[in-house]
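Report on the following structure.
The values are calculated or read from the model by the stated rules, or taken from the named source; none is laboratory data. These numbers were taken from a predicted model, which means no experiment stands behind them. A quick note on method: Cβ atoms are made from the backbone with ideal geometry, for glycine too, and the neighbour counts reach across all protein chains shown. Just the protein is used for accessible areas: all its heavy atoms, side chains included, with ligands, DNA and RNA removed. Shrake-Rupley method; radii C 1.70, N 1.55, O 1.52, S 1.80 Å.
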Amino acid sequence: MSIFQAIIYGIVQGLTEFLPISSSAHLRIVPALLKWKDPGAPFTAVIQIGTLLAVLIYFRQDIVRIARASVGDLLAGQPLRTPDAKLGWMIVVATIPIVLFGLLFKDAIHTTLRSLYVISAALIILALILVVAEVYLRWRMRHGRPLRELKSAGWGDAIFIGLAQAIALIPGSSRSGVTITAGLFAGMSRETAARFSFLISLPSIFAAGVYELYKEWHALSASGIGLDNLLVATVVSGMVGYASIAFLLGYLKKHSTAIFIIYRLALGILLLWLLNAGLLAANN
């Protein structure tokens with residue numbers, strides 16, 4: 001891998017991690033289109049640490065407030081005394097499904113699920129589900145039902161959105177895409193669903209990145225990717241990821257997710273056409 005390729009991977013990761021269009025799909029599609037070697041799931045997981053830092057920096061005030069409340073209430077013997085402490089524990093609960101399913105299906109995640117046929121299907125199917133979520137949201141608004149904010153989130157929301165987050169283990173689904181979709185079905189506003197999506201992503205992104213770095217360090221070292229390229233891709237992904245968070249939260253205040261739905265459908269259909277035309281190989 002060259003420095004140029006590492007920068008491209010970092011841009012792709014940072015740009016697509018938080019937009020509901022799937023970073024894992026693009027990190028698989030971009031090298032396939034450019035005839036580069038698939039960098040692999042471990043590389044993808046490690047450079048997610050850059051986007052983790054982007055979330056930590058962007059939501060630093062929220063994270064510090066939630067952490068202080070969680071620790072303070074726990075030490076006081078009342079772990080759910082305040083809304084912020086409750087939110088902290090809900091983030092933990094929402095993380096459990098993706099950890100369990102990630103361990104159960106780790107081999108498939110690294111191999112068969114990286115097929116471009118799987119990715120194209122995930123792009124299309126979950127775009128259609130997001131359409132249904134948008135229709136439901138507009139139905140609520142037309143019937144005068146208030147959209148829920150983060151302070152009204154409960155344990156059912158944490159479990160439901162946490163289970164949805166586990167679907168993001170399938171390349172092409174998009175972590176932010178499935179969790180925002182679940183948030184819309186839960187009656188949240190688009191911006192609230194996105195904020196909750198980013199907050200619950202923190203533990204799983206951190207765990208996946210550290211685990212893959214530890215487990216695959218020797219394989220990454222021997223792969224020819226290079227520590228310098230890994231570092232460059234991680235730093236670039238963090239910088240671009242920060243900008244992506246700011247853009248998406250601002251965008252969803254005034255717009256629907258229609259542009260992302262159209263993009264996912266178009267990309268999924270294009271990918272299927274390229275595969276069926278023999279212009280791309282399903283596995284690399």
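When the stretch 32-75 is limited to residues that are in contact (Cβ under 8 Å) with a residue 60 or more places away in the chain and not in a helix (DSSP H, G or I), the one that is farthest from ALA246 (Cα to Cα) turns out to be LYS37. Report yes if ALA94 is in a helix (DSSP H, G or I), modelled with pLDDT of 90 or more, open to solvent by less than 60 Å² (accessible area, probe 1.4 Å) and not charged (D, E, K, R), otherwise no. Considered against the rule, which asks whether it is in a helix (DSSP H, G or I), modelled with pLDDT of 90 or more, open to solvent by less than 60 Å² (accessible area, probe 1.4 Å) and not charged (D, E, K, R), ALA94 comes out as yes.
From ILE8, ILE21, ILE3, grab the single residue that is open to solvent by 10 Å² or more (accessible area, probe 1.4 Å) and within 21 Å of ILE167 (Cα to Cα). So the residue among ILE8, ILE21, ILE3 that is open to solvent by 10 Å² or more (accessible area, probe 1.4 Å) and within 21 Å of ILE167 (Cα to Cα) is ILE21. Per this entry, ALA164 is counted among residues that are free of Cβ contacts under 8 Å to residues at least 24 places away in the same chain, open to solvent by 10 Å² or more (accessible area, probe 1.4 Å) and under 30 Å from LEU274 (Cα atoms). Summed over the stretch 7-31, the residues that are more than 21 Å from TYR242 (Cα to Cα), of a type outside the set (D, E, K, R) and touching an Asp or Glu at 6+ places or on another chain (Cβ under 9 Å) give a count of 1.
Which residue out of ALA186, ALA166 is at pLDDT 90 or above and under 28 Å from ASN283 (Cβ atoms)?
Of the residues listed, the single one that is at pLDDT 90 or above and under 28 Å from ASN283 (Cβ atoms) is ALA166.
Applying the criterion of being more than 18 Å from LEU27 (Cβ to Cβ) and surrounded by fewer than 16 Cβ atoms within 10 Å (Cβ to Cβ) to the residues of the stretch 97-130, the residue that is modelled with the lowest pLDDT is ASP107.
Please indicate, with yes or no, whether at least one residue in the stretch 233-240 is at pLDDT 90 or above and touching a Ser or Thr at 6+ places or on another chain (Cβ under 7 Å). Checked the stretch 233-240: at least one residue is at pLDDT 90 or above and touching a Ser or Thr at 6+ places or on another chain (Cβ under 7 Å).
Okay, residues lined up against (1) at pLDDT below 90; (2) farther than 25 Å from ALA182 by Cα; (3) open to solvent by 70 Å² or more (accessible area, probe 1.4 Å):
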residue: THR16; (1), (2), (3): yes, no, no
residue: LYS35; (1), (2), (3): yes, yes, yes
residue: PRO39; (1), (2), (3): yes, yes, no
residue: ILE49; (1), (2), (3): yes, no, no
residue: ALA67; (1), (2), (3): no, no, no
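Out of all the residues in the stretch 37-51, is one or more touching an Asp or Glu at 6+ places or on another chain (Cβ under 9 Å), closer than 28 Å to LEU128 by Cα and β-branched (Val, Ile, Thr)? Yes, the stretch 37-51 contains at least one residue that is touching an Asp or Glu at 6+ places or on another chain (Cβ under 9 Å), closer than 28 Å to LEU128 by Cα and β-branched (Val, Ile, Thr). Within the stretch 127-147, not a single residue is under 25 Å from PHE206 (Cβ atoms) and touching a residue at least 24 places away in the same chain (Cβ under 8 Å).
All conditions but one from (1) touching a helix residue (DSSP H, G or I) at 6+ places or on another chain (Cβ under 9 Å); (2) surrounded by fewer than 15 Cβ atoms within 10 Å (Cβ to Cβ); (3) at pLDDT below 85 apply to HIS218; the one that does not is (1). On the basis of being touching a residue at least 12 places away in the same chain (Cβ under 8 Å), closer than 24 Å to SER189 by Cα and open to solvent by 60 Å² or more (accessible area, probe 1.4 Å), does TRP155 make the cut? In short, yes.
Within the set LEU272, LEU267, LEU249, the sole residue that is in contact with a Ser or Thr (Cβ under 6 Å, 6 or more places away or on another chain) and either in a helix (DSSP H, G or I) or open to solvent by 90 Å² or more (accessible area, probe 1.4 Å) (or both) turns out to be LEU272. Here LEU147 clears all of (1) open to solvent by 60 Å² or more (accessible area, probe 1.4 Å); (2) touching a strand residue (DSSP E or B) at 6+ places or on another chain (Cβ under 8 Å); (3) not charged (D, E, K, R) except the condition numbered (1).
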